[in-house]
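The values are calculated or read from the model by the stated rules, or taken from the named source; none is laboratory data. A quick note: this is a predicted structure, and the numbers were derived from the prediction, not measured. Don't worry about glycine lacking a Cβ; one is built from the backbone with ideal geometry, like all the others, and counts go over all protein chains shown.
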């Protein structure tokens, strides 16, 4: 089934995209001409440049030149091969999973394994953000002058590249696992109370009012930002921007699971999610930069795999690995992340609009996607399928073989990772302030930079996680992020919705 559907996708998606190529002509070539006009500043008037950009003849000529840059690239070949591999492997895996679990049910209570996965993944998320922002000189300018002096952006981004095959895929997969189960009145009400409402409160109130002021330790700015946040202009401004991408995506994923995916057979739903993800990559959906609808659609299959994955059945069927096995698998995963996966997929794919896949960082060239030939353009979706397959190797091995399944001293952190995810930026501000006050030595060697990343940044990431998930910090913000004060009203609403029609009329 999966193999036939994958072949159907190969035939259908290019046809769907081909109908969109002609309207996108000006979008593809406009950037090329605008860049050319900037390079020829002073030689031509603005009106002449506008006429050229609007001229169909010029656009057609530029489009033809762009098509000839690459007719059928190596990355497209890799994508097609890995897609075919998926068409062979996934049916076998699905048959094996369904043999051990006839239906997927929600995991009762807290799973120590899932909590361990969440806090470890959150440490890696914070660490990855620190490495990225140090590489682009944001938040960590002082570190670029001292601890990481002379370190090239490329060397730091290699670490981000390796993490791209692990961190976000793992979090999205785990999000799907903890969302398992058929929709019910109680689950929908809790979805609104503990996910949709906190997302809105944080986006419209907490983030604009407190993040920068608390981060810079400036009480005056806190008062000023709070007053501005309550104005209509602030509300309308934030209404045009996406919230924190993960929260926004999680709202869309769970909402679509309740409405659509949970009502379909698992194999049909997973293929549908992949189809939506691949097709959305061709368009810049309503978005803020590289986040928003595009990112949510791109990571939908990762969530879907977790949503339909027989997690508990697989855990029960796999014996607890020995310490030697864990160490060996961890070493192999490290080798895979640092060497093999980047060789197969050499570009950093941000899982958004395909144009961002090749152009994620400042001062880079025009994305390869905009200059793709007809075959590359039509088959670009296969790269996303390939990236999905590559991304899920490391998370599945680490979750089921390496990560501890029993309660550990830091396991409790896994239940509160939302707080550290949303407030980690305050920790970055504080670190920058502290670094500028203390003063650090200038380190220029590669070995020294590696030592800084793993002896300073990694422990610092853990400290940020521990602080922002502490009971003291959560007590300050739980009114908005964990609104338990709505529990009585939610219970009454659920009781009303689940009551028999006759009893409802009697209550009225």
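A residue that is in contact (Cβ under 8 Å) with a residue 40 or more places away in the chain and not in a helix (DSSP H, G or I) occurs nowhere in the stretch 412-434.
When each of 364, 357, 420 is tested for being modelled with pLDDT under 90 and touching a helix residue (DSSP H, G or I) at 6+ places or on another chain (Cβ under 7 Å), the lone residue that passes is 357.
Just to check your reading of the model, which residue among 204, 210 is modelled with pLDDT under 90, crowded, with 19+ Cβ neighbours inside 10 Å and closer than 29 Å to residue 476 by Cα?
210
Within the stretch 423-432, can one find any residue that is crowded, with 18+ Cβ neighbours inside 10 Å, at pLDDT 90 or above and under 23 Å from residue 172 (Cα atoms)? The answer is yes; a qualifying residue exists.
Restricting to the stretch 435-447, and then to whatever is part of a helix (DSSP H, G or I) and in contact (Cβ under 8 Å) with a residue 60 or more places away in the chain, can you tell me which residue is surrounded by the fewest Cβ atoms within 10 Å (Cβ to Cβ)?
446
For the subset of the stretch 371-407 comprising residues that are modelled with pLDDT under 80 and assigned to a loop (DSSP other than H, G, I, E, B), which member is nearest to residue 174 (Cα to Cα)? Step by step, filter the stretch 371-407, then rank; the result is 372. Listed by position, the helices (runs of 4 or more DSSP H) inside the stretch 216-277 whose residues that are crowded, with 19+ Cβ neighbours inside 10 Å and modelled with pLDDT of 85 or more number at least 3 are 245-259. Flag not set for residue 321, criterion: surrounded by 14 or more Cβ atoms within 10 Å (Cβ to Cβ), modelled with pLDDT under 95, part of a loop (DSSP other than H, G, I, E, B) and within 14 Å of the chain's Cα centre (by Cα). Please verify whether residue 462 is within 28 Å of residue 201 (Cβ to Cβ), surrounded by 13 or more Cβ atoms within 10 Å (Cβ to Cβ) and in contact with a helix residue (DSSP H, G or I) (Cβ under 7 Å, 6 or more places away or on another chain), treating the condition exactly as stated. When the stated conditions are applied, residue 462 passes them.
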